[in-house]
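Worksheet: the structure to be examined is printed underneath.
Just so it is clear, none of the values below were taken in a lab; they were calculated from the coordinates. None of the values given here were measured: they were computed from a predicted structure.
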Amino acid sequence: MRYKKDMDEYGSFYEEQRGKLFAYLMRMTGDYYLSSDIMQESFTRYLEHYGREAQSSALLYTIARNALFDNTGRHWNNPQFEAGQEDCSRDQENVLMIREEYRRVLSAMQRLDKSERDILALVVTGEFTYRKIALIAGISEANVKVKVHRARRKLKEILQTGEL
């Protein structure tokens, strides 16, 4: 009975976190397939090392960041986006505009330094306070605030000047 309860709780944790973690990884990599792979690897490592009982989103994101940085040399600046199939009955023009803006922002984020992109992607998830982000990134909370401010300013400049 205990095993089933643990698995149900882990399943809930997985369902709650997977979309958020995937969005974070997409912001970091701009690559749909790499993000999917790292997300699955992160949940696998989490389960293997910490079991079904632990449910810490900060720990999950730390594992994902480490897995992402492990892949840096092989895949880092290869932005690709797999858009998926859209229902033909939807407003195609609106879908295309949203998709293009999303690609534009992802492309602009790729122009940021890795540390800026990392911190900004963690903030944008809305999942963590600056204090938790500082723990995940291994820097001070004040440094997180400075990096977020600088990254937002730089991203805004890139988007406004069209340096994509």
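Quick notes on this one:
- Taking amide H as placed 1.01 Å from N in the peptide plane, ASP31 has its amide H under 5 Å from the amide H of GLN80, each at least 5 places away in sequence or on another chain.
- At q = 0.27 Å⁻¹, base-10 log of I(q)/I(0) for segment 91-164 (Debye sum, equal scatterers on each alpha carbon): -1.16
- Whole-Hz ³J(HN,Hα) from phi, Karplus 6.51 cos²θ - 1.76 cosθ + 1.60, for segment 113-123, glycine and proline x: 4, 4, 5, 5, 4, 4, 5, 5, 5, 5, 5
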